[in-house]
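Take a look at the structure below.
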Amino acid sequence: MSITTAQPGRPTVVLVHGAFAESASWDGVIAGLLGAGYPAVALANPLRGVRHDADHLRAVLTGIGGPVVLVGHSYGGMVISNVPAAGTGVTALVYVGAFAPEPGESAADLAGQFPGSSLGETLAPVALPDGGTDLYIRQDRYHHQFAADSTAQRAAVMAVTQRPITEAALNEPSGEPAWRSLPSWFLFGSEDLNIPVAAHRFMAERAGSRRTVELPGGSHTVAIPEAARLVDLIREAADAT
């Protein structure tokens, strides 16, 4: 039995959040998708490691019948890239301010490949019992660093509800990426302070993006105030595949 209600001619859109966010960050996008008749699932991404999180996503995909469009934000791009297309029903990938790695590349590698990221100086580490480290963005730096084009009130709530990522996950290398065998679409903001815009442009071109949408002045979470633009891109990806 599928975990979503199938709609004739409509793929299920699976939304994968990244670090320092959670599934409610997709609220505006979800409203737009449901209003257009697309079933959707907002994954609770564990943020524990690339392979671990990709395996978790693949398990969720087994409960979805029919075609799937995968949408990943930020580190969520690492996760959707590491789910093999075979046997999952995935027909398209949409990267939203997201990493699209080559084999062996980590999120940290890609964020540091071009100048412009100020994320490192905003992070607060928390030691874990297993010897690892969780990373949060300091609440007093969150609005400017992560969500400058959202209201201060929205960013304050996001800062409180953010989910941490392990330091190891940001440094874990990718396997063979799904974008090599699946069509991809990209959307990002020109003022992303986590992943430099030059890195976004580079990754989109390298992946052979079907359409690249760069939003002037957009932050790392540009799809919150510009949810309608992302919904349009997801619908394009769904219709094309």
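The values are calculated or read from the model by the stated rules, or taken from the named source; none is laboratory data. Every value quoted in this text rests on a predicted model; they were computed, and no experiment measured them. Glycine gets a Cβ as well: all are built from the backbone with ideal geometry, and neighbour counts include every protein chain shown. Just the protein is used for accessible areas: all its heavy atoms, side chains included, with ligands, DNA and RNA removed. Shrake-Rupley method; radii C 1.70, N 1.55, O 1.52, S 1.80 Å.
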### Task
Mind giving me the nanometre distance, one decimal, between the label points for VAL160 and HIS144, set 7 Å out from Cα along Cα→Cβ?
2.2 nm
### Task
Roll a 1.4 Å probe over the protein chains and send me the accessible area per residue for the chain in Å².
40 Å²
#### Entry: Share, in percent, of DSSP beta bridges within the chain that are antiparallel, nearest 5
25 percent
### Query
Based solely on its DSSP helices, what 222 nm [θ] is calculated for the chain when runs of n ≥ 4 H residues each add -39,500 (n - 2.57) and the sum is averaged over all residues, nearest 500 deg cm²/dmol?
-9000 deg cm²/dmol
### Query
What residues from the range 136-178 fall in the zone where the backbone N is under 19 Å from a label point 7 Å along the Cα-to-C-beta line of SER118?
136-153, 155-156, 159
### Simple spin-label estimate for ALA31 and ARG211 in nanometres, 7 Å along Cα-Cβ
2.2 nm
### Message
Output wanted: per-residue J couplings in Hz (rounded whole) for the range 18-29, from phi through Karplus 6.51 cos²θ - 1.76 cosθ + 1.60, θ = phi - 60°, x for Gly and Pro.
### Response
x, 5, 6, 9, 7, 5, 5, 5, 8, 3, x, 5
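Computed FRET efficiency, Cβ-Cβ of THR241 and GLU176, R0 22 Å: what is it to the nearest 0.05?
The value I calculate is 0.65.
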### Query
In nm, to one decimal, how far is the modelled label at ARG58 from the one at ALA152, with both set 7 Å along Cα→Cβ?
4.7 nm
### Task
Pull out a ≥ b ≥ c, the square roots of the eigenvalues of the alpha-carbon gyration tensor of the range 109-199, then state rounded if a/c is under 1.5, prolate if not and a/b is larger than b/c, and oblate in the remaining case.
oblate
### Message
Need one number: % antiparallel among DSSP beta bridges in the range 1-132, to the nearest 5.
### Response
5 percent
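Counting pairs of alpha carbon atoms under 8 Å apart in space and at least six apart in sequence, what relative contact order in percent does the range 139-241 give? Walk me through the numbers before you get to the answer.
Working: 107 pairs, mean separation 33.0, N = 103.
Relative contact order here is 32 percent.
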### Listed residues ILE30, VAL79, ALA152: farthest to the positive end of the dipole of the chain (Cβ charges)
ILE30
### Task
Tally the DSSP beta bridges in the range 4-73 and give the antiparallel ones as a percent, rounded to 5.
10 percent
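Of the peptides 54-63, 76-85, 40-49, 121-130, how do they stack up when ordered by the mean number of other Cβ atoms within 10 Å, highest first?
76-85, 40-49, 54-63, 121-130
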### Task
Run the accessible area of the chain with a 1.4 Å probe and give the carbon-and-sulfur part as a rounded percent.
54 percent
### Task
Please work out the Cα center distance from the range 201-241 to the range 148-180, rounded to the nearest Å.
17 Å
